Each structure stands twice: as C-alpha cells, then as structure tokens.
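Data first, discussion second: the structure below is written as structure tokens.
The values are calculated or read from the model by the stated rules, or taken from the named source; none is laboratory data. These numbers come from a predicted model, not from an experiment. Note that each Cβ is placed from the backbone with ideal geometry, even for glycine, and that neighbours are counted across all protein chains shown. Surface accessibility is based on the protein's heavy atoms, side chains included, excluding ligands, DNA and RNA. Shrake-Rupley method; radii C 1.70, N 1.55, O 1.52, S 1.80 Å.
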Amino acid sequence: MKRLSPFATTTGLGRALRVAGLTAGVTGSYVGYMLQRLFLDVERRDRKRRSAHAKAGRRIRDELVLLRGPVMKLGQSLSLHTDIVPEEMRAELTKLQMEAPGMHPSLALAQFKASLGRSPEQVFKRFDAEPFAAASLGQVHRAVMRDGTRAAVKIQYPGIRTAIENDFRLVRSMSLPAQASGHLPKGVLDEMESQILAETDYVREAEHIEFFRAGLKRLEFVVVPDVYRDYSTDRILTMSVVTGQHLEAFLAKHPSQRLRDIVGSRLVELFYFQVLILETLHADPHWGNYLFNDDGTIGLVDFGCVKRLGSDVVGRLRKSFLYPGRTDSLEFQQIIQEQFAAPGKKLASSTRRAISDFSEQFYKKVYPPDPRDAERTFDFSRPDCLRDYLRLAHNLAHAKGAAPHYLFLSRAEIGLYATLHRLGARVRTSAIVRRLLTESRMDRL
C-alpha cells in the first residue's frame, strides 16, 4: 500500500513544481494519443482514446493524493461531473473520495498521541492502525471503545494547514489576471481559503456534528454520528459509526427505480431543509460523504465544511425560490440586485441577464413555479440537466456574477444535481420546496 509522505507535500515551491509537472505529464499523454489516432481505424482509435483518458485520470489521481489539501478537493469535485469528465477518467478520480493512501501506521499513532496525550491502545479496547478511509485532510480508523461501542476515529495529516496556505498563495498568484478583470473576486478566494482552513479544526467540526444531529431530527431518514468529546481534540475526532454504502456501491446492487426516486426526493428535501430551516449547509457534497441504505435512509459524514448562511441571505433566497413572475420584471430585478450586488453597487446589465437566464432556463424548468404544476416530477437522468447548469454557471461567472456568500451554496448545489443525475432519480421538486417554504415561514412566526 502506498503511503503519504507528510514532508514533501507542504512547501510552496515543491507543490508548485508538482502541479506544473502534472500539467505537463497529462498534456504529454494526450499529445501521444493525438499523434497515434491519425494512423488508427475507428475501433482502435476509440480504444486508444479511452486508454488515454484512464491513464490521465490515474496520473492526476496519483499526484493529487500526494498533494492533498485544496487541489485534492478539486479532484473530488471533478469526479462528480459525469457530464463533462470522461467516464474512464472519472472512475479514477472517484477513488479520491475515500480510497487515498494513508499515513504510515507509526505516523498516525504518533499524531494521535501527540494530540490526545495518550496512545490509541490506552484509550480504546481495539484500534485498527490501517485506515478504512482517507481523503484530503485526514484519514479515518475503526476502533472499539472500552464498553464495546464501535467508533470511527479521524486523524488529521501533519502539516496540512501549511499545505493549504501554500496552495492558496499559488492560486492567488496564478489568478491575478482573473482577479484584476473582476471575473474572480478576491472575496471568493478569501471565502474558499477561510472555509478550507476551518476544516482543519476538529473541535469546530464536532460542534457542527452536534448542531446537525439536533437540527436534522425532524428528518427521520437522515443519520448523523454522535461525537465522543473525551476522545477528541482539534486534530482528533472520535465519532459513532454510521452505516451505509457509498453511491457507486449502492447503485451496483441495482436498486429499483422506486428506491432511487425515494432517495433522490430525500436528498432534495435534505438540501432545502438545511437552507430554509437550519439556514446552515453541509457544503462538502462529494460522494464519499453520503452513505445510502436499502431502506432509503441516508447517512451523513464529514462535517468539516459547513456554511452558515444567515437570516439575511436565506431571506433573499426565499424571495427567489419558485418565483412565479417574469424574470425581466422590476420585482425580480430588485430581488437579484439584493442577492448578488455588493453593498452600494449596482449590478451590471450583463450580470442581470446571466442571472435571469439561469432562472428561466434552469430553475423554472427543474422547479416549475406554477402551483398547478406542484406534483410534476423532474427526471434528473436527463442528459441536459447538468449540462445546462454548468453552461449557465459559466455564463454567470463570465458576466462577473460570482458572489462570495453563495460560493459554498453553489458547490453543494452542483453536488446535489450530480448525485441526482447519477441516481437517475425522478423527483417532485416543486412540491418539496413549496412545503419547506411554508414550514420556514411557520417557524419564523
């Protein structure tokens, strides 16, 4: 089993050189394919193309597991894009969600003891030195408490905070032209960095888990772990075990269309319940953080990335959800001015058009606002679903419509649609949103 080197991954220059080498290596593999395809028949050309995609995917995956941090999170995000990432490449990137190589057992044990002051053998009845899951910031081990309770123990990689800070220095320097043009506002980068750095504080994550465990009790189909505070620190997090299968394993059992529809409907309800009722969002949507069961229940894990939206932001969102009027009306234009414009500034006409197009061409199609269409289902298996979302999101970014306070909401939203598309779920979207809008109004009375 490959092991993570904690030393070669943290220096700014070293990480920059590895990213540059990765870019050159992937480009080189496709240049080779492009030259060969001129001399191949259709069948062999297709086989070579798929082989090139898989090889590039393995190259990217292998480099990202060494780099960890934000660049690995980018790879996890790309693995959700069944619409734009070739299947052979996506299959390799999907492994970044839970199957990254872990630290050497001796290093993991040293990290645990340095943080908690005791070794795992002194704390637990049994502790597996090999992790069963490893991702961008830490890895998870199975353990058994002294009373026989099964537990999951997350241990943070050494030096990961320094690696994150170095990555963002690199991103800021590379994106200066986009920042200068206004297409990538500095506030967006600030929001990204602060949120990812906050994920390294496991005390904060424990608070998030307790918040969601209490807040999501009304959704009986959602399972959230419990936190064992006595065995947790800012770099160690000990939790109860949440059962279930990751999405690909769940789908490999060929669940019925009915079950896929139930799970899809519950994912939509979970998303909008967080936004409208809790005003707080589990904002790390990759498939390693959701566990699915045959009874339709959904387990949530990894609460490091949580976005507190706040009453002002959610209040503005309520006005736009299921908006029944024309998107060129003065009322709707005032709504998007409040939502997207910086204080004291007026939205450019190109930005207004891009937002209106997004509402008209995507949201009104997926969430029909007419009450007479409340029971209509939307089929997320449609190939245009993700394609339209990404096209319109690209147009919005090009029109300088990126808003820092919506960054992680958008990230969670694309994760939701990617999952629903992969499930092939058919969902009564408007009915769910309309009901939760009503509940949120009642909660505020």
- Note on the structure: Within segment 419-445, the residues that are modelled with pLDDT under 95 and outside any helix (DSSP H, G or I) are 445
- Query: Filtering segment 183-197 down to residues that are at pLDDT 80 or above and open to solvent by 40 Å² or more (accessible area, probe 1.4 Å), which residue is nearest to residue 227 (Cα to Cα)?
  - Reply: 194
- Hey, any hits in segment 163-177 for a residue that's crowded, with 20+ Cβ neighbours inside 10 Å, within 22 Å of the chain's Cα centre (by Cα), at pLDDT 85 or above and not aliphatic (A, V, I, L, M)? no
- Query: Among the residues of segment 213-250, which ones are among the polar types (S, T, N, Q) and more than 15 Å from residue 142 (Cα to Cα)?
  - Reply: 233, 245
- Message: Could you check segment 330-367 and list, in sequence order, the residues that are touching a Ser or Thr at 6+ places or on another chain (Cβ under 7 Å) and surrounded by fewer than 16 Cβ atoms within 10 Å (Cβ to Cβ)?
- Response: 360
- Item | Matching option when the condition is over 19 Å from residue 427 (Cα atoms), open to solvent by 20 Å² or more (accessible area, probe 1.4 Å) and in contact (Cβ under 8 Å) with a residue 12 or more places away in the chain, among 324, 371 | 324
- Within segment 203-249, can you find the residues that are closer than 26 Å to residue 108 by Cβ and part of a helix (DSSP H, G or I)? 203, 204, 205, 206, 207, 208, 209, 210, 229, 230, 231, 249
- Query: If residue 310 satisfies every condition in (1) under 23 Å from residue 273 (Cβ atoms); (2) surrounded by 16 or more Cβ atoms within 10 Å (Cβ to Cβ); (3) of a type outside the set (D, E, K, R) but one, which is the exception?
  - Reply: (2)
- Would you point out which residue out of 315, 264 is open to solvent by less than 30 Å² (accessible area, probe 1.4 Å), small (Gly, Ala, Ser) and without any contact (Cβ under 8 Å) to a residue 24 or more places away in the chain? 315
- Kindly indicate which of 444, 422 is touching a residue at least 12 places away in the same chain (Cβ under 8 Å) and open to solvent by 40 Å² or more (accessible area, probe 1.4 Å). 422
- Inspect all residues belonging to segment 96-113 and state whether any of them is under 30 Å from residue 347 (Cβ atoms), more than 17 Å from the chain's Cα centre (by Cα) and modelled with pLDDT under 75. no
- Query: Among the residues of segment 374-384, how many are in a helix (DSSP H, G or I) and buried (at least 17 other Cβ atoms within 10 Å of the Cβ)?
  - Reply: 0
- Item | Scope segment 198-243; condition open to solvent by 40 Å² or more (accessible area, probe 1.4 Å) and not charged (D, E, K, R); matching residues | 203, 211, 214, 223, 228, 231, 241, 243
- Note on the structure: Of the candidates 434, 387, the one satisfying the condition of being under 30 Å from residue 248 (Cβ atoms) and open to solvent by 10 Å² or more (accessible area, probe 1.4 Å) is 387
- Message: Suppose we filter 272, 290 for residues that are crowded, with 18+ Cβ neighbours inside 10 Å, over 29 Å from residue 155 (Cα atoms) and of a type in the set (Phe, Trp, Tyr); which single one remains?
- Response: 272
